[in-house]
1. Using θ = phi - 60° and the Karplus form 6.51 cos²θ - 1.76 cosθ + 1.60, what ³J(HN,Hα) does each residue of the range 35-51 get, whole Hz, x for Gly and Pro?
2. Only one of the values (i) 14.6; (ii) 15.6; (iii) 13.8 was calculated from this structure for Kirkwood radius over Cα pairs in Å; name its label.
3. I'd like to compare 7-16, 83-92: which one has the highest average count of other Cβ atoms within 10 Å, and what's the full order after that?
4. Can you tell me, using C-alpha contacts under 8 Å and at least 6 residues apart, the relative contact order of the chain as a whole percent?
5. Could you tally up the Lys pairs in the chain with alpha carbons closer than 13 Å? Skip any pair fewer than 8 positions apart unless they're on separate chains.
Amino acid sequence: MNLYNNAFYAVNEKSKQRGEAYEPIVSVTTKKNEDKLLIRVKDNGNGIPQKIIDKIYQPFFTTKPTGQGTGLGLSLSYDIIKVHGGEIKLETKEDKGSEFLIQIPIIA
């Protein structure tokens, strides 16, 4: 849910900047790949600046204004994914958007 909320926030912020010329897009896809579940959350928001990528999974780090986010969501998501033997990857380009890829092992 945190990734969805962050994606919606990102496209909403870009929409405020660009106005009607911008069409916000958030997509979520799931796929089973051999012994893993793949989840992709993608948006066409402003992207994540390279200078903060190393910080985004840290507890209490947020780019949102005071009162709009605690900075715990992505940190907790990261920890939950790792505890279940998964991994989370980020692809982002400033002004183009971001895509998070989550891989979680399927345990039979």
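1. Going residue by residue, I get 9, 10, 9, 10, 10, 10, 10, 10, 9, 10, x, 7, x, 10, x, 4, 5 Hz, with x marking Gly and Pro.
2. The calculated read-out lines up with (i).
3. Highest mean packing first, the order is 7-16, 83-92.
4. 29 percent
5. Step by step, the pairs that qualify in the chain add up to 5.
Each reported figure results from applying straightforward, stated rules to the coordinates on display, with no laboratory input. Just so it is clear, the structure is predicted and the values come from calculations on it, not from any experiment. All Cβ positions, glycine included, derive from the backbone under ideal geometry; neighbour counts span all protein chains shown.
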